Amino acid sequence: MFNDKVAIITGAGGGIGHAVAKELKEKGAKLVLVDVSSEALTELSKDLNLNKDNSILLKADVTKEDNVKYYVDKAVERFGKIDIFINNAGTEGKVSSIVDTNKEDLDFVLNVNVKGVYYGLKYVMTQMIKQKSGSIINTSSVAGFMGSPGLCPYVASKHAVIGITKTAALEAAPYNIRVNAVCPGPVDNRMMRSIEEGSLPGNGDAVKTEFLKLIPLGRYASNEDVSKLILFLASDDSTYITGQAYRVDGGMNAK
Ligand SMILES: NC(=O)c1ccc[n+]([C@@H]2O[C@H](COP(=O)([O-])OP(=O)(O)OC[C@H]3O[C@@H](n4cnc5c(N)ncnc54)[C@H](O)[C@@H]3O)[C@@H](O)[C@H]2O)c1
């Protein structure tokens, strides 16, 4: 289904990015894997047995506009087009109340999760408009629909991603480009471990127990639960879907 499609994945070295890269590779896509951590990229490359024919690894910081232009230019230079853009790099920041959050911590989260997503769209859409085709998936969160004490910068950033997604979808539709967002609930990976531990240092397990009570299906998502939705939105099975924000949350937001 993805034979010879070219996909850029940002935050490729993280839990969700890794799962998306694995599934897209298995289905024949060419991969442009972007992360700020070169160690994570090397790990990913070994794990997926990647080679120069089917992938390029690019260390880039999505908060820096010139880095974003660089990864988009490299993708086009190497593979000639961009069919799929998984705009996924993100950070949870520190767990702290609004009154205790300083400017640096606020800026850090907004820079990665909002400006990073925005810059990605700016440069990838420029290319996709020339092609008159493409599918873009931004990673938001259930935190894009609800509040979460101690995570205000993250919540603000994920609400912003949904607004950005809708606007990008409207601007891109005349060029046959679709833009959607995926909104995972808690995923069983590093980011949730950091939020659990940040909420109650030394007793993250107790925080997980409380989170689990909020999820009707009774478990966190796996990285693969999220990647399956992303692949559907990237594929030609969803050619009439744009401007949407889909939850993958075990029923959490149904309450
Ligand atoms: N884990 C969850 O519970 C959860 C829930 C909802 C949404 N999300 C979102 O899913 C996305 C992926 O997160 P994940 O769960 O895989 O977590 P993760 O921490 O495993 O992965 C995030 C990746 O983004 C990279 N990254 C961070 N800042 C970057 C920057 N400035 N430039 C380039 N790369 C950068 C990290 O190095 C890391 O590899 C994020 O946008 C996150 O907010 C995660």
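The values are calculated or read from the model by the stated rules, or taken from the named source; none is laboratory data. In this text, all values refer to a predicted model and were calculated from it rather than measured experimentally. Note that we place each Cβ from the backbone using ideal geometry, even for glycine, and neighbour counts take in every protein chain shown.
The figures follow:
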{"item": "Condition met for residue 16 (under 18 Å from the mean Cα position of the chain (by Cα), in a helix (DSSP H, G or I) and farther than 16 Å from residue 126 by Cβ)", "result": "yes"}
{"item": "Residue list for segment 183-195, restricted to those being part of a helix (DSSP H, G or I) and near the ligand (Cβ under 8 Å from one of its atoms)", "result": "190, 191, 192, 194, 195"}
{"item": "Selection count where residues are polar (S, T, N, Q) and exposed (fewer than 15 other Cβ atoms within 10 Å of the Cβ), scope segment 55-70", "result": "0"}
{"item": "Hits in segment 97-122 (condition: among the hydroxyl-bearing types (Ser, Thr, Tyr) and more than 14 Å from the ligand (Cβ to nearest atom))", "result": "97, 101"}
{"item": "Failed criterion for residue 157 (all others in (1) surrounded by 23 or more Cβ atoms within 10 Å (Cβ to Cβ); (2) within 18 Å of residue 85 (Cα to Cα); (3) in contact with a helix residue (DSSP H, G or I) (Cβ under 6 Å, 6 or more places away or on another chain) hold)", "result": "(2)"}
{"item": "Number of the exception - residue 94 against (1) more than 15 Å from the ligand (Cβ to nearest atom); (2) crowded, with 16+ Cβ neighbours inside 10 Å", "result": "(1)"}
{"item": "Close pairs from segment 16-40: first at positive phi, partner at pLDDT 95 or above, Cβ under 9 Å, at least 6 apart", "result": "28/2; 28/3; 28/5"}
{"item": "Some residue of segment 37-52 being assigned to a loop (DSSP other than H, G, I, E, B) and surrounded by 19 or more Cβ atoms within 10 Å (Cβ to Cβ)", "result": "no"}
{"item": "Residues of segment 220-239 classified as over 18 Å from residue 193 (Cβ atoms), within 11 Å of the ligand (Cβ to nearest atom) and either out of contact with any helix residue (DSSP H, G or I) (no Cβ under 6 Å at 6 or more places or on another chain) or of a type in the set (A, V, I, L, M, F, W, C) (or both), total", "result": "1"}
{"item": "Residues that are within 15 Å of the ligand (Cβ to nearest atom), of a type in the set (Asp, Glu) and farther than 19 Å from residue 139 by Cα, drawn from segment 11-64", "result": "39, 43, 47"}
{"item": "Single match in 148, 140 (criterion: within 16 Å of the ligand (Cβ to nearest atom), in contact with a helix residue (DSSP H, G or I) (Cβ under 8 Å, 6 or more places away or on another chain) and within 15 Å of residue 10 (Cβ to Cβ))", "result": "140"}
{"item": "Selection from segment 65-91 of residues that are touching a helix residue (DSSP H, G or I) at 6+ places or on another chain (Cβ under 7 Å), closer than 15 Å to residue 128 by Cβ and within 13 Å of the ligand (Cβ to nearest atom)", "result": "68, 86, 87"}
